[in-house]
Amino acid sequence: MSRRFLWIFFGVAVAVTLLWEFVKIPDASNRLDRLPIAGPGFAARDLPLSDLERNIFGSARVLKRIYRVGRQAVVVQVIDATHDRHAVHDPLYCFRGAGWDIATEYRLTIPGGSARQLTLRRSADLADAVVWFSDGSSRHGSAPAHWWQTVLRRLTCGASGPEPVLVILQPLQGETLVWSDLFSHLPLLFDF
């Protein structure tokens, strides 16, 4: 009896592994493609990924742009890890890996949920960032919740919902942003 159970368990594990590897689930490309490069009161330009970023993100789809709204400029990164699930993890880990300490962290209410507003410190330098995960309708700043969403999505072959993407916003170096002002002028940030 225990040998039979072991073979059944092994068969199910192999089937799930094959399902994860060979069943193609829809990615978030259509949502990323809708993000405009220009509009009333704003303009943007695409930024190339560095060699390090290309290595980190692998085959994940990454949108990286500078958006200018009035006197404010923000770097927007959106990462869709459908095709490389190792490309997205807790953004705080990435910041720490780049030499930043998290000086402060706040929960920031945004349309459809919440984000994490961070103040980063490296030596005497300070920087701000806002991060969240979005499936197109709900938003949250929790890496474990993102992980569960993606696992459930892979187990259900995409039937549990759209791919959640990681959104990272950072002002250009040396600039300070008024996040609420930026969000009111760039509501498109909540469209994907």
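Observations on the model:
- Sorted fewest first by neighbouring Cβ atoms within 10 angstrom, Ile102, Ile37, Ile79 come out as Ile37, Ile102, Ile79.
- Cα gyration tensor category, rounded, prolate or oblate, for the range 45-104 with a/c compared to 1.5: oblate
- Most mobile of Leu32, Leu47, Leu108 in a GNM of the chain (Cα contacts under 10 Å): Leu47
- Translational D in µm²/s for the chain (Stokes-Einstein at 25 °C, 0.890 mPa s, Kirkwood Rh from C-alpha pairs): 135
- Angle between the chain longest axis and helix 2-22 axis [Cα atoms, degrees, rounded to 10]: 40
- Distance between the range 79-115 and the range 122-158 - C-alpha centres, whole angstrom: 6
- Within the range 1-75, the trypsin sites (Lys or Arg not before Pro) that combine a DSSP coil assignment with at most 13 other C-beta atoms in a 10 angstrom radius are Lys24, Arg34, Arg71.
- Relative contact order of the chain, pairs being alpha-carbon contacts under 8 Å that are 6 or more residues apart, as %: 23
- Applying Stokes-Einstein at 37 °C and 0.692 mPa s to the Kirkwood radius of the range 93-192, computed over alpha-carbon pairs, gives a translational diffusion coefficient of 224 µm² s⁻¹.
Rule-based calculations on the coordinates, nothing more; no lab input. Note that the coordinates shown come from a computational prediction; the quantities given were computed from them, not determined experimentally. As a convention, Cβ positions derive from the backbone with ideal geometry for all residues, glycine included, and neighbour counts pool all protein chains shown.
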